[in-house]
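K.L.:
Shown below is the structure under consideration.
The values are calculated or read from the model by the stated rules, or taken from the named source; none is laboratory data. Quick caveat, the model's predicted, so the values are computed rather than measured. We place every Cβ from the backbone using ideal geometry, glycine too, and count neighbours over all the protein chains shown.
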Amino acid sequence: MSRRLLSIERHQIIVEKVSVEEAIDFTTLAKELNVSVMTVRRDIRELEKQGYLKLTRGGAYAQIARSTDILLSPRAEDQGEDKTIIGKYAASLIEPGEVIFIGPGSTTAQFVQYLKPDLNLTVITASIPHASFLAAKGFKVISTGGEIATDDIAQTGYIAHDNIKRFFASKTIIGTRGVSKDVGITDINSEIAQLSTLMVAQAEQVLVLADISKVGVKANYAVCPLADIDEIITTQDAQAAFQAECKDQCEVLVSK
């Protein structure tokens with residue numbers, strides 16, 4: 001390597017390699033990153049603390065967590081109960097045999113936990129945590145590939161974009177950071193916004209999972225107009241607020 005990698009760059013490489021190889025030796029990884037084993041161990045412990053990896057075999061190996069822990073970013077604690085309700089209801093709307101896009105994020109993390117393996121779905125996602133979790137449960141999963149460049153451990157960039165464009169899905173299921181009558185669906189991360197925009201364009205039906213904290217919010221990056229959305233899935237206490245914000249541009253569904 002021509003230069004010493006920053007810790008965030010090492011973390012991205014570690015998660016990507018472990019997601020592919022499932023388990024990796026600390027010594028081998030240290031050589032590839034041109035750092036000490038102690039540095040790698042410290043990086044792995046930090047990633048484990050954040051919920052992205054878990055240590056196994058007495059600490060000699062690290063592997064992608066295949067539990068629900070990896071699905072939960074620090075944002076998951078915000079509106080946590082609402083996200084569970086939204087995710088569970090959205091999962092009940094998926095029909096057998098569908099091909100679906102799933103965006104990264106803490107609310108879609110709840111959604112994937114409630115998908116039933118016997119639905120015979122094909123899932124296309126840029127989220128390594130979502131892909132890992134669903135593959136472990138026996139789903140057919142297509143990972144977009146690409147550079148890992150977000151806190152949600154999502155694959156981004158031209159590789160991810162090109163691969164999304166190769167598919168057309170019956171449904172796209174995404175989260176959002178804002179739902180506004182003026183600017184539509186928005187996100188605070190440009191990479192996630194681009195992924196969401198592409199997935200919206202490549203599906204027959206678009207479901208946006210959003211709790212009440214997203215009503216009227218205008219985040220930094222546009223995803224799509226409200227008219228491009230078929231349904232916003234939310235909780236009963238947020239239904240009136242979303243209906244007022246959307247003004248019949250899309251349907252608002254609540255858990256039954």
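K.L.:
Across segment 101-122, which residue is surrounded by the fewest Cβ atoms within 10 Å (Cβ to Cβ) among those that are of a type in the set (A, V, I, L, M, F, W, C) and within 12 Å of the chain's Cα centre (by Cα)? Reasoning before the result, please.
P.N.:
Pass one, segment 101-122, residues of a type in the set (A, V, I, L, M, F, W, C): 101-102, 109, 111-112, 115, 119, 121.
Okay, now just the ones that are also within 12 Å of the chain's Cα centre (by Cα), so 101-102, 109, 111-112.
Values: F101: 27, I102: 27, A109: 26, F111: 30, V112: 24.
Filtering segment 101-122 for residues that are of a type in the set (A, V, I, L, M, F, W, C) and within 12 Å of the chain's Cα centre (by Cα), the one surrounded by the fewest Cβ atoms within 10 Å (Cβ to Cβ) comes out as V112.
K.L.:
Do we have any residue at all in segment 24-31 that's at pLDDT 80 or above, in contact with a Leu (Cβ under 6 Å, 6 or more places away or on another chain) and assigned to a helix (DSSP H, G or I)?
P.N.:
Scanning segment 24-31 turns up no residue that is at pLDDT 80 or above, in contact with a Leu (Cβ under 6 Å, 6 or more places away or on another chain) and assigned to a helix (DSSP H, G or I).
K.L.:
Which ones in segment 190-206 are within 14 Å of the chain's Cα centre (by Cα) and in contact (Cβ under 8 Å) with a residue 40 or more places away in the chain?
P.N.:
Within segment 190-206, E191, I192, L195, S196, M199 qualify.
K.L.:
Only one of (1) farther than 27 Å from A126 by Cα; (2) at pLDDT 70 or above is not met by E48, so which one is it?
P.N.:
If we test E48 against (1) farther than 27 Å from A126 by Cα; (2) at pLDDT 70 or above, just (1) comes out false.
K.L.:
What are the pairs with Cβ atoms under 6 angstrom where one residue, in segment 99-122, is closer than 12 Å to T172 by Cβ and touching a residue at least 12 places away in the same chain (Cβ under 8 Å) and the other, located anywhere, is β-branched (V, I, T) and not in a strand (DSSP E or B)? Sequence gap at least six, or different chains.
P.N.:
Note: pairs meeting the criteria are I102/T108.
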